[in-house]
Structure formats: C-alpha cells, structure tokens
1. Criterion first (more than 18 Å from residue 160 (Cβ to Cβ), crowded, with 23+ Cβ neighbours inside 10 Å and either in the same structural domain as residue 149 (by TED's automatic domain parsing) or of a type in the set (A, V, I, L, M) (or both)) does residue 73 satisfy it?
2. For the stretch 324-354, how many residues are among the charged types (D, E, K, R), buried (at least 18 other Cβ atoms within 10 Å of the Cβ) and in a strand (DSSP E or B)?
3. Looking at (1) of a type outside the set (A, V, I, L, M); (2) modelled with pLDDT under 90; (3) surrounded by fewer than 19 Cβ atoms within 10 Å (Cβ to Cβ); (4) not in a loop (DSSP other than H, G, I, E, B), find the lone condition where residue 172 falls short.
4. Taking the residues in the stretch 262-281 that are surrounded by fewer than 12 Cβ atoms within 10 Å (Cβ to Cβ) and not in a loop (DSSP other than H, G, I, E, B) as candidates, determine which candidate is modelled with the highest pLDDT.
5. Evaluate the following for residue 86: is it in the same structural domain as residue 154 (by TED's automatic domain parsing), touching a residue at least 12 places away in the same chain (Cβ under 8 Å), within 21 Å of residue 161 (Cβ to Cβ) and not acidic (Asp, Glu)?
6. So, residue 321, is that one surrounded by 13 or more Cβ atoms within 10 Å (Cβ to Cβ), among the acidic types (Asp, Glu) and assigned to a strand (DSSP E or B) or not?
7. Looking for whichever is in contact with a Cys (Cβ under 9 Å, 6 or more places away or on another chain), under 18 Å from residue 57 (Cβ atoms) and outside the structural domain of residue 303 (by TED's automatic domain parsing) here; the options are 148, 111. Which one fits?
8. Give the residues of the stretch 157-169 that are assigned to a strand (DSSP E or B), under 14 Å from residue 65 (Cα atoms) and not polar (S, T, N, Q), sorted by residue number.
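The values are calculated or read from the model by the stated rules, or taken from the named source; none is laboratory data. Remember, predicted model here, so these are calculated numbers, not experimental data. Because the Cβ atoms are built from the backbone with ideal geometry, glycine has one as well, and the counts that use them run over all protein chains shown.
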Amino acid sequence: MKNVIKKAAAILMVLAVLFTVPICTPIGKKAYAAVYAVWPTEPKYKNITTYFNPQRNVNDVSGYHNAIDIEAAGGSNIYAAYGGEVVSADVKGAYGNMVIIYHADLKVYTFYAHASQLLTSAGAKVKQGDLIGKVGSTGQASGNHLHFGICDTLVGAYPAKTYYDPLTYFEYSDNSGQGVTTPPATTQPECSCSEEYAGLYTTKNVVTYLNIRSGHGTNSSIVGSIPANAEFKVTKGNGEWAHVEYNGVKGYASMAYMQLKEAYKPVESGMKIDKAAAPEGTITKGDSFSLKGVITSNLPITKVYGGIYFRGGEATSQIAEAAPNALTYDLSSYFDKNIAFGALYDGEYTYKITAEDSSGKSYELISADFDIHDPEKDKPAGDLNGDGELNVSDAVVLQSYLLNSSEEFTEEQYKASDLNGDEVVDVFDLIELKQAIVKASSEE
C-alpha cells in the first residue's frame with residue numbers, strides 16, 4: 001500500500017512540473033514581451049552608418065550620437081515605426097525637418113530627422129507603418145539618411161535623455177506583412193580604442209581594396225571599401241582595428257593593412273567671443289540692443305545658452321538656447337533675435353552667455369551688468385503739459401478739464417491728475433496740484 005501511495009505522489013509531482021514549467025517559462029521565448037515595430041525606411045535600406053552611443057545618457061551633448069543613422073536614398077519613404085500621436089512636424093535646428101511621435105502606451109517618443117519632406121502634422125494620429133515623410137539631408141547632415149531615435153523626454157520641444165538604442169528597443173517587421181526581421185547591423189559595444197592612433201593613413205600590402213566593416217572583427221558586415229594606396233582618416237584605434245572614414249563612409253578596418261602617413265595632433269579645448277558689445281550702464285526702457293558677437297572654438301560648439309537674468313541670478317523670460325555643432329557661431333543669426341531688451345521693466349539685470357564644446361567643457365563668455373530705466377517715471381505727478389516741471393500751466397490744464405471745457409484729456413493726463421490717489425479727478429486734486437506747484441516754486 002505504501003508503494004502505491006509513493007508512486008501516486010511521484011506521478012502527481014511530475015504532472016505538477018509538466019504543467020507549471022510551460023506557464024512560468026515559455027520555452028524558446030524571451031523573459032519579456034518584445035515590442036514589434038515597422039522598420040522606419042523602405043526595406044531595402046538597412047545599412048547603419050552611425051550607431052547609438054549610450055554615453056549620450058551620461059553627457060547629453062551632440063558629440064555622442066542619440067540615435068541611429070540609416071543610409072537611404074533622398075526622397076525614399078519614412079514610416080512611423082509605432083502608432084501614436086504626432087507631437088511636432090517642423091524644422092528643428094540641426095535636426096532639419098523632423099517628426100516626433102509620442103507613444104502613450106510605451107511612454108516614449110520616436111523621432112525622425114533630416115527629412116526632405118514632411119507628410120504629417122502636429123496632432124495627427126498615425127498608425128504603425130503610416131507614411132510620415134521623405135528621406136533627405138536637411139539640417140546638419142552630410143548626406144541623405146534617416147536619423148531615427150527613441151527618448152522618453154522632450155526639452156524645449158527637442159529630444160532629451162533618457163535615450164534608447166532603436167536596434168534593441170524594438171523588433172522590426174519590414175512593413176510588408178512578411179513577419180519579423182532584424183536589421184543586419186547591431187549596436188557596437190564600447191571599445192578600448194584611443195585617439196593616439198588618430199591620423200592620415202594609406203593602405204599597406206593591399207592589391208585591390210581594404211574592407212570597411214560595421215564593427216571590430218571580420219565577422220562584422222562589410223559597409224564599404226578603401227582602394228589600394230588610397231588615403232583615409234583614422235579617428236582612433238587599438239593597434240588591431242581602427243575607426244576609419246573614407247569617401248563619406250564610416251566604419252572599422254584592420255590596422256594590419258594600413259600605415260600611418262601623418263599623425264593628428266590632439267585638439268585642445270578652447271573658446272572665445274569676438275566683436276561682442278555687451279550692454280552696460282543704463283539702458284532706456286524700450287531701446288533695442290543686439291550683441292552681434294561671434295564665438296570661435298577649437299572643438300565643435302555643441303550648446304550656446306543664456307540671455308538676460310535678474311541681478312539676483314534667476315532667469316527672466318528673455319533666455320535663448322542654440323545647438324550649432326560648429327567651430328564658429330554668430331550670435332546675431334538666431335540668438336539675438338530671441339532676446340527682446342525692449343520687453344524689460346525697470347530693474348537691475350545681468351547679460352550672460354555660456355557655451356559648451358564637444359568635450360563637455362563649458363565657458364562663460366559674457367557676464368555684464370546693466371540697468372533698465374523708464375524716463376516716464378521721472379515725470380513729477382501733476383505734470384499735465386509734459387514739460388517735466390510743475391508750474392501754473394499744469395493747474396490751468398486741470399482747471400479747464402474740471403470746468404468741462406472742450407480741451408481733450410488723455411489717459412496719461414488723467415492718471416497724472418489723480419494726486420490724492422482716490423482714482424477720481426476732481427477739485428480736491430486741483431487743490432493738491434496748486435500746493436505742489438507752490439512747493440516746487442519755493443524749492444527753485
């Protein structure tokens with residue numbers, strides 16, 4: 001009897017395991033649910049020329065790539081990778097023509113930059129695979145491609161960290177309904193390459209051409225080639241593999257087949273501003289002012305920000321920000337146009353301009369104090385004829401008004417006549433005005 005009970009218990013235990021394992025751990029599936037998306041370009045375009053760099057989430061500057069660049073022909077289609085609501089579809093600085101879509105169920109945004117044409121607009125509801133634009137090279141782009149990224153935040157209507165690698169965040173279909181495919185390229189892991197190998201190189205012992213690959217190692221896909229005896233640029237390396245650039249193609253090549261022609265000297269960080277005329281002293285309220293400064297830098301200028309602050313340090317509404325990603329930046333091209341000195345009230349202010357370069361170093365280029373003065377406040381109460389003084393002619397103007405003469409009375413004159421502050425202009429204000437005129441005359 002005991003043996004029968006033991007066998008029955010064993011059978012029940014086996015059944016429990018059989019029914020439990022498939023429920024808890026589906027065989028052959030990932031431990032998380034994949035998010036399926038449509039590849040954002042036409043299926044034939046899957047060559048990644050620049051990969052996502054996770055360092056962008058450590059230091060949010062353009063020197064670290066916040067998306068992937070998909071090489072594609074100009075005018076080819078751009079598709080919505082995932083369904084959602086279009087937040088914006090317009091020109092955004094260095095991004096050129098860009099579409100940003102919010103995906104409420106994922107709580108992330110996808111963005112599609114450098115388009116030649118936008119085929120959607122803010123507020124539109126788009127489905128996965130909908131046509132939203134055409135590939136181009138608007139903004140700061142070296143050629144036709146789609147800059148495709150994912151983020152969970154927008155700052156000033158621009159993408160901001162945290163960013164996600166599009167090649168690992170989604171699993172993709174090719175927009176043809178033929179099932180899920182994965183782009184041939186994969187995100188490159190961070191490498192140990194250094195800039196000590198940077199320089200101008202030529203091929204060595206190459207008869208036909210040297211392959212440019214998508215990653216370190218011969219297992220990576222070929223993305224281009226360097227002809228024998230051609231010159232090409234190396235930005236960094238590790239003695240075995242180098243980061244190369246040739247004829248607009250960026251990738252990796254074996255250092256066994258290259259020789260140094262000219263080493264690059266490392267560029268040191270440095271920045272200055274020329275021909276600047278910061279506001280100083282006292283500025284009359286309503287006057288306009290233009291900085292007209294030109295910033296020059298040894299490394300690309302990734303961010304310029306600042307404007308007018310209260311003397312205590314807090315920002316006013318007159319603040320601007322730009323992301324030129326260039327070695328020079330003319331403040332009058334965009335920055336000054338967004339600063340309205342004439343909109344300021346009486347007060348003490350500071351004008352500050354700060355810029356950052358691609359190394360992450362920041363420079364305070366201008367810090368100047370100035371005051372805004374409203375000359376209207378210098379006029380004495382009761383000055384109705386606008387000559388800046390109190391005299392008998394002011395009393396005559398007010399008396400004529402009180403006697404209902406045909407003389408017109410402006411809003412400014414009415415306010416200046418209310419000397420006792422009861423918001424009514426009457427004979428009591430005339431008495432106050434006459435006393436003020438007597439006092440002013442005796443002080444002369």
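1. It is false that residue 73 is more than 18 Å from residue 160 (Cβ to Cβ), crowded, with 23+ Cβ neighbours inside 10 Å and either in the same structural domain as residue 149 (by TED's automatic domain parsing) or of a type in the set (A, V, I, L, M) (or both).
2. Of the residues in that region, 1 qualify.
3. (3)
4. The extreme case among them is 262.
5. So residue 86 fails the test.
6. The answer is yes for residue 321.
7. Going through 148, 111 in turn, the sole match is 111.
8. Answer for the stretch 157-169, where residues must be assigned to a strand (DSSP E or B), under 14 Å from residue 65 (Cα atoms) and not polar (S, T, N, Q): 159, 160, 161, 163, 164.
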